[in-house]
Protein chains: 2
Amino acid sequence: MNAITGNDGVERRAALLATAAEVFAARGYNATTVRRIADDAGLLAGSLYYHFDSKESMLDEILSAFLDELWAGYGTVLAAGLGPRETIEALVTQSFRQIDRHGPAVAIYQRESRHLSAQPRFAYLADTRLKFENAWLRTLERGVAERAFRADLDVRLVYRFVRDTVWVAASWYRPGGVHSPEEIARQYLSMVLEGITPRT
Amino acid sequence: MNAITGNDGVERRAALLATAAEVFAARGYNATTVRRIADDAGLLAGSLYYHFDSKESMLDEILSAFLDELWAGYGTVLAAGLGPRETIEALVTQSFRQIDRHGPAVAIYQRESRHLSAQPRFAYLADTRLKFENAWLRTLERGVAERAFRADLDVRLVYRFVRDTVWVAASWYRPGGVHSPEEIARQYLSMVLEGITPRT
DNA sequence: TAATCTACCAAACACTTGTTAGGGAAGGAG
DNA sequence: CTCCTTCCCTAACAAGTGTTTGGTAGATTA
């Protein structure tokens, strides 16, 4: 696509990872050839191996960089001691912000994490999934106990629906569009919290 | 995995397509080798070409068979002349029934339809997507006009969220589990229609 | 100026991919 | 018994895969 000229070695590496992430997100990891990444970055396939050990290393670096930043954001939210409803609101908003910043990485994670986590190198994906599930489930259960959420809903199902809807948004969300991440989060929260039918 | 012995030629073909769909759904279409499908079906790679023209033909047949049946169900719902809320309820229930019956096909569609629809052979995927969007958007807009749904929500955003949540369920739903498709549809509709916070 | 380092290219490597060609065992039809 | 169809196997093909090796233009350092 467009050649990338970085001033620094670190910048160059980051730029290459960014284009790799875009191609991975668009075509899928396995369907993406190393030559295609090189084409989009403006160099030849072999030259990528000056910067990275392997195609797998690029994927690893993309995913763990994203997950580190994601979990940092989640950590501060969970440590803030908010009520259940406010915690859910903050988590959802954080998630849409991450989609805004790491769109391709989110798409890759959603698409490949399931079968990648079987591989030892990507075992941390399974850990993340568990920490994730715990954070959401605890918050939802606390909300039910404190009468902030309805008691007649299956909490696990609600968790799955909410989780999926938030992350799958990465497949259609494009940064710089009409809706800001915060606006999307607000609309989504309004739908899930209040429902789409009018409250008399 | 397990060898499949069909009595009829048509049965055999269907059984082979079923195993192919499972592998496609689990690993992704491009990442799936024809030898892997053959292994799981209990024959050799070349032998698959007695039944099918190509790997692409298998994918085509899987997707169009699923979409045909899906649209048959949607058609009767849309022709029934129900109110907006009842139409949404029926569409969602229909969708979860399709996930129950065509789980792998749904997963494949969700994962690959975007970049497949650029290919001429799979142009019908783009058409389906449009018909889909029209059906949902019209129903939602009619609901807003008839005061069955809230007017302060962005209908397009609601559509995307609802669509994604319903279909992505194919990635975790397993037939024969504790929840029937109808039960899952009921819980999901309750969440989206009424919201997860208590109505006083 | 000479030596070194950075970032890349050109060309090949071993391997996997989807697909094809030819043949053969099993069984029903004439 | 012979013919024919069905269904599969063996073996190979050409193209594409991730990766390695050796070399080199240009800037940086000594």
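The values are calculated or read from the model by the stated rules, or taken from the named source; none is laboratory data. Keep in mind that what you see is a predicted model, and the values were worked out from it rather than measured. Positions of Cβ are generated from backbone atoms using ideal geometry, with glycine treated the same way; all protein chains shown enter the neighbour counts. Note: areas computed on protein heavy atoms with side chains; ligands, DNA, RNA excluded. Shrake-Rupley method; radii C 1.70, N 1.55, O 1.52, S 1.80 Å.
Numbers for the structure displayed
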| read-out | value |
| --- | --- |
| Listed residues A:TYR188, A:TYR159, A:TYR50, most fluctuating in chain A (Gaussian network, C-alpha, under 10 Å) | A:TYR50 |
| Largest to smallest accessible area among A:THR93, B:THR32 [probe 1.4 Å] | A:THR93, B:THR32 |
| Under-5 Å amide H pairs with B:PHE149, H placed in peptide plane, nonlocal only | B:VAL144 |
| Between the range B:146-179 and the range B:33-99, the Cα center-to-center distance that results, in Å | 20 |
| Rotation relating B and A, chain A residue nearest the axis via C-beta, angstrom | A:GLY195, 2 |
| GNM result for chain A, Cα springs below 10 Å: residue of A:LEU125, A:LEU116, A:LEU63 fluctuating most strongly | A:LEU116 |
| Copy-to-copy label separations for B:TRP71, where each label sits 7 Å from Cα toward Cβ, in nm and ascending | 4.6 |
| Exposure ranking of B:TRP71, A:TRP167 by accessible area [1.4 Å probe, largest first] | B:TRP71, A:TRP167 |
| Residue-span extension gain [B:ASP39 to B:GLU146] - 0.36 nm each, minus C-alpha spacing | 33.0 nm |
| Choice from A:ILE108, A:ILE99, A:ILE184 showing the highest fluctuation, given a GNM over chain A with Cα pairs closer than 10 Å | A:ILE184 |
| Inter-copy separations for B:ASP53, label at 7 Å along Cα-Cβ, nm, ascending | 4.5 |
| Shortest-first nm distances, B:ALA123 label point to equivalent points in other copies (7 Å, Cα→Cβ) | 5.0 |
| For B:HIS51, net neighbour charge (Lys/Arg +1, Asp/Glu -1) across residues whose Cβ lies under 10 Å away | +1 |
| Area projected by the alpha carbon convex hull of the range A:1-109, averaged over all directions, nm² | 7.6 |
| Binned Cα-Cα distance frequencies in chain B - 10 Å width, integer % | 8, 31, 32, 19, 8, 2, 0 |
| Per-residue mean of C-beta atoms belonging to partner chains within 10 Å, peptide B:30-41 | 1 |
| Computed helical MRE - 222 nm, chain B, DSSP H runs ≥ 4 contributing -39500 (n - 2.57), nearest 500 | -22500 deg cm²/dmol |
